[in-house]
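The values are calculated or read from the model by the stated rules, or taken from the named source; none is laboratory data. Computed from a prediction, not measured in an experiment: that's the story for all the values here. In this analysis, Cβ positions are derived from the backbone assuming ideal geometry, glycine residues included, and neighbour counts consider all displayed protein chains. Side chains are part of the model used for accessible areas, which takes the heavy atoms of the whole protein and leaves out ligands, DNA and RNA. Shrake-Rupley method; radii C 1.70, N 1.55, O 1.52, S 1.80 Å.
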Amino acid sequence: MFPAVASWHQCYAVTRAEAPKTSQVNLSIVIAAGAALRLRCQTILAHRLLRRYRPSVLLLDAACSPRHTLATLPVLKRLSPDTGVVLLGHRRASTGLLLEAVRCGAWGHLAERDLSRDLAKAVRMVAARQPWLPRRLSAPIVAELIERGHAEKRN
């Protein structure tokens, strides 16, 4: 029995230097490995593609390993600081996880069930350097910013 297979087909990218022309890279990769090795390979390949193309928006699958994704976000920000990252998940993420994702550099989150309705809007917003996060995060984010301001005044 083969382990789960992940594949990427037809990777399109526009770099700022190449705009407005679009370069199409015909890329087909099959990773037939266990979950941990597959995740490692995907991470390495994503880093290289991100460094090369520096996209405005990166849609990052956080469903399989949210904690690994959070650890990866600072690395992605170093590789391509102007790329806005939108995390994708099977369902809505907890407030705590989303707050941690924002702290680590994410600009947004979309649950799989909301993709058909919100994906295009989320990409436009994040490309324009606007966050795409659930309203329920407004109060915790503002509270954290206020607390940081008070802590800075005390120091």
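To the nearest 0.05, what FRET efficiency results for Ser138 and Leu37 with a Förster distance of 41 Å applied to their C-beta separation? Provide the component values of the computation, followed by the final result.
Details: r = 40 Å, r/R0 = 0.96.
With R0 = 41 Å, the Cβ-Cβ based efficiency is 0.55.
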> In angstroms, what radius of gyration and Dmax does region 68-142 have, counting Cα atoms only?
Replying inline: 11.7, 31
>> Tell me the relative contact order for region 16-155 as a rounded percent, counting alpha carbon contacts under 8 Å between residues six or more apart.
In response: 19
> What do you reckon, how do Asp118, Asp82 stack up by accessible area (1.4 Å probe), largest on top?
Replying inline: Asp82, Asp118
> What list of ³J(HN,Hα) values in whole Hz, one per residue of region 90-100 in order, does the Karplus curve 6.51 cos²θ - 1.76 cosθ + 1.60 (θ = phi - 60°) give from phi, with Gly and Pro shown as x?
Replying inline: 5, 9, 4, 7, 5, 4, x, 5, 5, 4, 5
> Amide H to amide H under 5 Å from Val57: which residues, 5+ apart in sequence or cross-chain, H placed 1.01 Å off N in plane?
Replying inline: Gly84
> Per residue, what accessible area does region 89-155 have, given a 1.4 Å probe and all protein chains present, in Å²?
Replying inline: 69
>> What FRET efficiency comes out for Leu45 versus Lys153 if R0 is 41 angstrom and r is the Cβ-Cβ distance? Round to the nearest 0.05.
In response: 0.35
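Give me the percent of the accessible area of region 49-133 that comes from carbon and sulfur atoms, probe 1.4 Å, all protein chains in place.
Details: 2580 of 4610 Å².
Solvent-exposed carbon and sulfur of region 49-133 make up 56 percent of the total.
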> In nanometres, what is the gap between the two model label sites at Ile29 and Ala127, each 7 Å from Cα along Cα-to-Cβ?
Replying inline: 2.3
